[in-house]
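Beneath this line is the structure, given in structure tokens, with notes to follow.
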Amino acid sequence: MQIVLETAANATREAAEALARNLRAMPSERQVWRALDTGRSALEQVAECAVINLWMADVLQARAVPPMDADRYARLKAEYDTVEKALLGLEASAAAVAASIEVFPEEHLRDTVEMPYRPGVQQSFASLLFAAEWNMVYHYGQVAFIQTLYGDQEMH
């Protein structure tokens, strides 16, 4: 099972690198641009990933779900109010969750927990090893879509 832990940790790092690369490729005015003034900006996407990564690191370390209410989430996300802070937060949080994955006890991979975003559904820790990576890949797609809206068709 060590290969699964290594794969999940590496995928997490790679997802963070791809997301950061796309944000860096954007002109500064587009990093904070909101499509139709209602969507979330690329900066907001990255800030969310930084917060969720740290929370997922806590989930894996505690093998339990720590609280994350909307107010706490908003306060934590507000700490990443510049591109520089968000990129540093993304890098540090991806490293934290990857480190939590690498040392996750293999005997607990089949243990389950209910996640707040899937009420009533038990998820194994084996599947949660990839949760931060999945979230970052989703937001990478959101940032790539924002790029296409202002005419950037390049793969970054």
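Name the one entry in R63, R34 that is farther than 20 Å from G151 by Cβ and of a type in the set (K, R).
On the way: R34 fails: farther than 20 Å from G151 by Cβ.
Criteria check complete, one pass: R63.
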Of all residues in region 60-118, how many are part of a loop (DSSP other than H, G, I, E, B), under 28 Å from W33 (Cβ atoms) and hydrophobic (A, V, I, L, M, F, W, C)?
1
Those residues of region 104-135 which are touching a residue at least 40 places away in the same chain (Cβ under 8 Å), closer than 18 Å to N53 by Cβ and more than 17 Å from the chain's Cα centre (by Cα), in sequence order:
F104, V113
Taking region 124-153, which residues are in contact with a Leu (Cβ under 7 Å, 6 or more places away or on another chain) and surrounded by fewer than 18 Cβ atoms within 10 Å (Cβ to Cβ)?
S124
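Rundown of residues vs (1) open to solvent by less than 20 Å² (accessible area, probe 1.4 Å); (2) free of Cβ contacts under 8 Å to residues at least 60 places away in the same chain; (3) within 13 Å of the chain's Cα centre (by Cα), yes/no style:
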| site | (1), (2), (3) |
| --- | --- |
| C49 | yes, no, yes |
| I52 | no, no, yes |
| K85 | no, yes, no |
| G89 | yes, yes, yes |
Would you please name the residue that is farthest from K85 (Cα to Cα), looking only at residues in region 38-47 that are free of Cβ contacts under 8 Å to residues at least 60 places away in the same chain and either aromatic (F, W, Y) or assigned to a helix (DSSP H, G or I) (or both)?
E44
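What residue, among those in region 28-37 that are assigned to a helix (DSSP H, G or I) and touching a residue at least 12 places away in the same chain (Cβ under 8 Å), is surrounded by the fewest Cβ atoms within 10 Å (Cβ to Cβ)? Outline the logic, then answer.
Keep residues of region 28-37 that are assigned to a helix (DSSP H, G or I), which gives 28-31, 35-37.
Still in the list and also touching a residue at least 12 places away in the same chain (Cβ under 8 Å): 28, 30-31, 35.
Details: S28: 9, R30: 19, Q31: 21, A35: 12.
Among residues in region 28-37 that are assigned to a helix (DSSP H, G or I) and touching a residue at least 12 places away in the same chain (Cβ under 8 Å), the one surrounded by the fewest Cβ atoms within 10 Å (Cβ to Cβ) is S28.
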Between a first residue in region 1-27 that is closer than 18 Å to E154 by Cα and a second residue that is among the charged types (D, E, K, R) and surrounded by fewer than 19 Cβ atoms within 10 Å (Cβ to Cβ), which pairs have beta carbons less than 9 Å apart while being 6 or more apart in sequence or on different chains?
E17/E91; A20/E91; A25/D152; A25/E154; M26/D152; P27/D152
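The values are calculated or read from the model by the stated rules, or taken from the named source; none is laboratory data. If you're wondering where the values come from, they're calculated on a predicted model, not measured in any experiment. Glycine gets a Cβ as well: all are built from the backbone with ideal geometry, and neighbour counts include every protein chain shown. What goes into the accessible areas is simple: the full protein's heavy atoms, side chains included, and nothing from ligands, DNA or RNA. Shrake-Rupley method; radii C 1.70, N 1.55, O 1.52, S 1.80 Å.
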